[in-house]
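Have a look at the structure below before the remarks.
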Amino acid sequence: MNRSSFVYVTFIRTTPERLWSALTTTDFIRRYWFGMTIESAFTAGAPWKMSFEDGRVADQGEILEADPPRRLVIKWFDEWKPEFKAEGESRCTIEIEPVADFGANAVKLSITHSMERADSKFIQAVGGGWPGILSNLKSLLETGEILLHSFQRKQ
């Protein structure tokens, strides 16, 4: 099968409920996602949209699965770069698992972003973006401050 995938796993000192809220609350998302706005009801079948600070749509799609605070699956279409848009649909799966070995308030966060296309340029690009976004998320939840203040996403 021709498939491109990016997988990122991190451990965060928080609770599954707090992490779910951080992943689904627009104002909180904007703080760690470099000013991007994400709008959705985060329920199965709901539309999902990410916009730049100036209102241009960057990405959009649909929530395929929502099982708070454990799992979120997003059908994801890139809208900001023609060569990425031409590749079609990708899927982002977010999984949250409590981890007792690291203390009472720790979770394992796994992101799998994939596409049914070999050598996807879009998946290569998200592989450069997710680490910074998730580093900011982890830092914000653990310390109250983001780690990175800018992002080199070519608009």
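Among the residues in the stretch 4-24, are any free of Cβ contacts under 8 Å to residues at least 60 places away in the same chain and in contact with a strand residue (DSSP E or B) (Cβ under 7 Å, 6 or more places away or on another chain)?
Pass one, the stretch 4-24, residues free of Cβ contacts under 8 Å to residues at least 60 places away in the same chain: 17, 21, 24.
Restricting the remaining residues to those that are in contact with a strand residue (DSSP E or B) (Cβ under 7 Å, 6 or more places away or on another chain) gives none.
No, because not a single residue in the stretch 4-24 is free of Cβ contacts under 8 Å to residues at least 60 places away in the same chain and in contact with a strand residue (DSSP E or B) (Cβ under 7 Å, 6 or more places away or on another chain).
Please go through the stretch 83-106 and pick out each residue that is part of a strand (DSSP E or B) and modelled with pLDDT under 95. Steps first, please.
Pass one, the stretch 83-106, residues part of a strand (DSSP E or B): 90-98.
Passing the criteria: only P98.
Would you mind finding the one in R18, R30 that is among the basic types (K, R), touching a Leu at 6+ places or on another chain (Cβ under 8 Å) and not in a loop (DSSP other than H, G, I, E, B)?
Result of the check over R18, R30: R18.
Considering T37, T14, T24, which residue is surrounded by 15 or more Cβ atoms within 10 Å (Cβ to Cβ), among the polar types (S, T, N, Q) and in contact with a Lys or Arg (Cβ under 8 Å, 6 or more places away or on another chain)?
On inspection, the qualifying residue turns out to be T37.
Each row is one residue, and each column tells you yes or no for (1) in a loop (DSSP other than H, G, I, E, B); (2) surrounded by 16 or more Cβ atoms within 10 Å (Cβ to Cβ).
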| site | (1), (2) |
| --- | --- |
| D54 | yes, no |
| D59 | no, yes |
| W76 | no, yes |
| G128 | no, no |
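The values are calculated or read from the model by the stated rules, or taken from the named source; none is laboratory data. The shown structure was predicted, so the numbers you read here are calculated from the model rather than taken from an experiment. Here the Cβ is made from the backbone with ideal geometry for all residues, glycine too, and neighbour counts use every protein chain on show.
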